[in-house]
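Novice: Pasting in a structure now, in structure tokens, and then I'll have a few things to ask.
The values are calculated or read from the model by the stated rules, or taken from the named source; none is laboratory data. Given the structure is predicted, the values throughout are model-derived calculations rather than measurements. Backbone-built Cβ (ideal geometry, glycine too); neighbour counts: all protein chains shown.
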Amino acid sequence: MRDLKAAPQRGLLIVNPKASTGSRRRTRWVAKKLGDVLDLDVQLSGSRGHGEELAKRGAGEGYDVVVSLGGDGTVNEVVNGLLADGRDAADAPIFAPIPAGSTNVFARALGLPWDRRRASMAIVAAIEEQKVRTVNLGRAKGDDIDRLFTFCAGLGWDASIIKKVESYRKKRNLGAHYARAVMAELNEHGVEGDTIEVELSEGGEDLSEGMVVVQNCAPWTYLGTLPVNLNARASFNAGLDVLILRKLGLSDAARTAASLLVGRDGPDGKHAVTHHDLSRIRLRASLPQAFQLDGDYLGERTEVELTSVPAALRVAC
């Protein structure tokens, strides 16, 4: 990896042109700003997985800094591409995410502004001032999956809701779509799901009949400007945090939703239990359950292992 003080630094901007706040004019503005501090190339991602391919190629070609312009799905693809082929944080390019999606959890959890222009200027300043931090990531492994995640993974009810939200993606107003998806899931399937066994690295075990959410940082997500916290202690500097929802009836669901929407740091009641700073969490479901990674629905699974990957990625922010 080239010293950050060497000039010029080679930069690659990977743009998702389908991101909810993307446009050619906005891309040109971002590229111009980054071009003030980087010898910049710009690549547009196409179909799903193309961002990962571009990032992997960029890492192999020796770029110093790789920047994404897109939402959390784009971030996940780029991060997996940068760290492919066994690269670690020291070998991979420095990464910077410019938000252009609907929630942008990873970028905002790093402390970057939600506004694309202000985030771009913050990243330009970080590159100029050599402000780089190293963060932990998570990894999800199963029979047909081996992927890093930046902020969360979930098995059960929340992933089913995300599946429905994705079907509404052509329209804006995420908060309204999320509420619509929750109501649709309640009407079709109720709250309770099939049993999920949870095995923790600390030696404990638990059971869920609703959902299990694993976080690498806080908050879990955003509804507009409102941060939603399930595990408020989750941090890029610690292991994984997990929320286990045990048997969950309609009244518990309503109380949980209300507590989250008024900004409390996690659900209330005996139906919920949390664990902090874990190195590994193994989930086994009695029947296939919906699974999500960084807010993207990835099909149904009966078993998945989630591990913490310490000091995995260098980020300019």
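Novice: Tally the residues that are buried (at least 17 other Cβ atoms within 10 Å of the Cβ), at pLDDT 95 or above and in a loop (DSSP other than H, G, I, E, B), restricting the search to the range 49-79.
Specialist: Qualifying residue count for the region: 2.
Novice: While we're looking at this one, here's another question. Picking from 52, 77, 61, which residue would you name as being under 19 Å from residue 102 (Cα atoms) and among the acidic types (Asp, Glu)?
Specialist: Working: 52 fails: under 19 Å from residue 102 (Cα atoms); 61 fails: under 19 Å from residue 102 (Cα atoms).
Exactly one residue qualifies, and that residue is 77.
Novice: Name the single residue that is farthest from residue 31 (Cα to Cα) among those in the range 72-100 being small (Gly, Ala, Ser) and touching a Ser or Thr at 6+ places or on another chain (Cβ under 6 Å). Spell out the reasoning first.
Specialist: Narrowing the range 72-100 to residues small (Gly, Ala, Ser): 73, 81, 84, 86, 89-90, 92, 96, 100.
Keeping just the survivors that are touching a Ser or Thr at 6+ places or on another chain (Cβ under 6 Å) gives 89, 100.
On the way: 89: 25, 100: 14 Å.
Of everything passing the filter in the range 72-100, 89 is farthest from residue 31 (Cα to Cα).
Novice: Go through the range 80-154 and tell me which strands (runs of 3 or more DSSP E), entirely inside it, have 2 or more residues that are over 23 Å from residue 229 (Cβ atoms) and over 16 Å from the mean Cα position of the chain (by Cα). Before you say what the answer is, go through the steps one by one.
Specialist: On the way: elements: 94-99, 132-142, 145-149.
Where strands (runs of 3 or more DSSP E) fall fully within the range 80-154 and carry at least 2 residues being over 23 Å from residue 229 (Cβ atoms) and over 16 Å from the mean Cα position of the chain (by Cα), they are 132-142.
Novice: Among the listed residues 71, 86, 62, which satisfies the condition of being of a type outside the set (Asp, Glu), at negative phi and not assigned by TED's automatic domain parsing to the domain that holds residue 296? Walk me through it before giving the result.
Specialist: Values: 86 fails: at negative phi; 62 fails: at negative phi.
71 is the lone residue from the list that is of a type outside the set (Asp, Glu), at negative phi and not assigned by TED's automatic domain parsing to the domain that holds residue 296.
Novice: Looking at (1) farther than 20 Å from residue 27 by Cβ; (2) touching a Pro at 6+ places or on another chain (Cβ under 8 Å); (3) small (Gly, Ala, Ser), which is the only condition residue 119 fails?
Specialist: Tallying (1) farther than 20 Å from residue 27 by Cβ; (2) touching a Pro at 6+ places or on another chain (Cβ under 8 Å); (3) small (Gly, Ala, Ser), residue 119 fails exactly one: (1).
Novice: Out of the residues in the range 100-112 that are of a type outside the set (A, V, I, L, M, F, W, C) and over 17 Å from residue 218 (Cβ atoms), state the one that is surrounded by the most Cβ atoms within 10 Å (Cβ to Cβ). Break it down into steps so the answer makes sense when it comes.
Specialist: If we filter the range 100-112 for residues that are of a type outside the set (A, V, I, L, M, F, W, C), which is where we start, we get 101-104, 108, 111.
Restricting the remaining residues to those that are over 17 Å from residue 218 (Cβ atoms) gives 101-102.
Numbers: 101: 25, 102: 21.
Result: 101.
One line per residue, one yes/no per condition, for (1) over 24 Å from residue 148 (Cα atoms); (2) at pLDDT 90 or above; (3) in contact with a Leu (Cβ under 8 Å, 6 or more places away or on another chain); (4) assigned by TED's automatic domain parsing to the domain that holds residue 103:
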residue	(1), (2), (3), (4)
206	yes, yes, yes, no
216	no, yes, yes, no
220	no, no, yes, no
230	no, no, yes, no
239	no, yes, yes, no
260	yes, no, yes, no
265	yes, no, no, no
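Novice: Taking the stated definitions as given, is residue 172 surrounded by fewer than 24 Cβ atoms within 10 Å (Cβ to Cβ), out of contact with any strand residue (DSSP E or B) (no Cβ under 6 Å at 6 or more places or on another chain) and at pLDDT 95 or above?
Specialist: no
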